[in-house]
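Everything on this sheet refers to the single structure shown next.
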There are 2 protein chains.
Amino acid sequence: MPMGEALPETSGAPELATLAWAPAFARGYVKDLRVRWALEEAGRPYRTAPQDHLVRDGAYRAWQPFGQVPAWREGPVEMFESAAIVLHLAAQSERLSPQDPAGAARTTSWVLAAVATVQPQVDVANSIASDLPEPARAACLARLASRLAALEAWLAGRDWLEGRFTAGDLMMAAVIREVNPGTLQAYPRLTGWLARCLDRPAFEAALAAQLADLAE
Amino acid sequence: MPMGEALPETSGAPELATLAWAPAFARGYVKDLRVRWALEEAGRPYRTAPQDHLVRDGAYRAWQPFGQVPAWREGPVEMFESAAIVLHLAAQSERLSPQDPAGAARTTSWVLAAVATVQPQVDVANSIASDLPEPARAACLARLASRLAALEAWLAGRDWLEGRFTAGDLMMAAVIREVNPGTLQAYPRLTGWLARCLDRPAFEAALAAQLADLAE
């Protein structure tokens, strides 16, 4: 079974809720990409369940209470939030995380750092900051810069966040690729690490699958 | 051994990094509170490791790469990010989460929704929004309102997010208690659910422990 293909519904088969449509600027950045990437790394086939806007505001909220994508179903497991789904998959695959308690805890820490500590600062810099007067605007950009500097320092002597590629690198790379390239170029280790992450065949396959599904 | 007491260092004993000092407005809101609450719910003793500002900018970054609190150590497990630590503890305690895969997946989903989908909107509303001109300010408040409305709808007919109290309620309540009370009062089910969460003896014990540690 090819990965990422829209397949007829089968009870209990893994199913990923995606967008039925997205504006051009969002293609390649919709957050089901993160789960697709994890599934590709783990070598797991999946079926997409594309949701249109009206469904997301209605019945879909029984599956995803905020009307967002992605969401995930597999047998009795029904869940939402891209990072939650990636953690769930990581707990089942050595390719996504060491399975011993200490190694798994490192993966979990980095996945959470990506979405709770870094993503909000990236989002503010990319959206709200341009509407802010000084010095509030500069303060927002400084908060993002402090996160990027912390990652730059951490990556000294490291190819990956924890000795090997994990779901922590995956989620952090998915966040860092949204940083303005002009901002990112001040961080050479982070730039090199991001390139290593995005060069992975699993990322390329996930990106191609999302772009194909959203092509008009 | 009383919970939350500063104890002499013992190799491998559970250890929670906290702040050595915080300004008055932050006391009761520093994010180690979330882990303290989880530890109290699980009935697990812990030792605090208070970090001062200079340490957090220096050697502490080997434990917490961003210099934030909390961080957690227990035997070979060394981790950071409050939500990551709470998830780690939840995987070990029925009191924090059902332990079957489907139930655990629900807990994980709500913990991530709290910190990745709701917290950023609360933070923007509480800090940046007042500096924004209209209509950008109204748009930020509308994004928070959409999250609160989603929770209000979800809580129809539910006492807890998932049939019973879990770490998902814990993390979401820790976020929602930071919402401006004037904003929150438009959501009666959410207000009632928050009161149920904060009335729990484990929350009260965790809050008292943080306040005692930060008292001058």
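Values quoted throughout were computed directly from the atomic coordinates according to the rules given, and no laboratory measurement underlies them. Values in this document were obtained by computation on a predicted structure and should not be read as measured data. Note that we place each Cβ from the backbone using ideal geometry, even for glycine, and neighbour counts take in every protein chain shown.
Listing for the model above:
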{"item": "Karplus-derived 3J(HN,Hα), 6.51/-1.76/1.60, for each residue of segment A:55-72, Hz, glycine and proline x", "result": "5, 5, 8, x, 4, 4, 5, 5, 8, 10, x, 9, x, 8, 10, x, 9, 9"}
{"item": "Folded to 0 to 90 degrees: helix A:188-198 orientation relative to chain A principal axis, Cα", "result": "10 degrees"}
{"item": "Per-residue HN-Hα couplings for segment B:128-140 [Karplus 6.51, -1.76, 1.60; θ = phi - 60°; Hz; x = Gly/Pro]", "result": "6, 3, 5, 8, 7, x, 6, x, 5, 4, 4, 5, 5"}
{"item": "Beta bridges per DSSP with both ends in the protein assembly as shown, % antiparallel, nearest 5", "result": "60 percent"}
{"item": "Positive-end extreme of charge dipole, segment B:101-200 - chosen from B:Ala149, B:Val115, B:Thr166 (charges on Cβ)", "result": "B:Thr166"}
{"item": "Beta bridge orientation in chain B: antiparallel %, DSSP, nearest 5", "result": "60 percent"}
{"item": "Sequence-separation-based contact order of segment A:101-200, relative, with Cα cut under 8 Å and 6+ spacing, percent", "result": "37 percent"}
{"item": "Rounded tilt (10° steps) of A:101-112 against the dominant C-alpha axis of chain A", "result": "80 degrees"}
{"item": "Helical contribution to [θ] at 222 nm, DSSP H n ≥ 4, -39,500 (n - 2.57), averaged over chain A, rounded to 500", "result": "-14000 deg cm²/dmol"}
{"item": "Label geometry 7 Å along the beta-carbon vector: B:Asp57 inter-copy distances in nm", "result": "4.9"}
{"item": "Sequence-separation-based contact order of chain B, relative, with Cα cut under 8 Å and 6+ spacing, percent", "result": "24 percent"}
{"item": "Simple Cβ-charge dipole of chain B, Lys/Arg +1 and Asp/Glu -1, about Cα centre, in debye nearest 20", "result": "460 debye"}
{"item": "Cβ-vector label at 7 Å, A:Glu178, separations to other copies in nm", "result": "1.7"}
{"item": "In degrees, nearest ten, helix A:201-214 long axis to first principal axis of chain A (Cα)", "result": "60 degrees"}
{"item": "About the Cα centre, charge dipole magnitude for the protein assembly as shown (Lys/Arg +1, Asp/Glu -1 at Cβ), debye", "result": "160 debye"}
{"item": "Student exercise, segment B:141-216 dipole from Lys, Arg, Asp, Glu Cβ charges, in Debye to nearest 20", "result": "360 debye"}
{"item": "Cβ-based exposure ranking for A:Val175, A:Val86, in which fewest neighbours within 10 Å come first", "result": "A:Val175, A:Val86"}
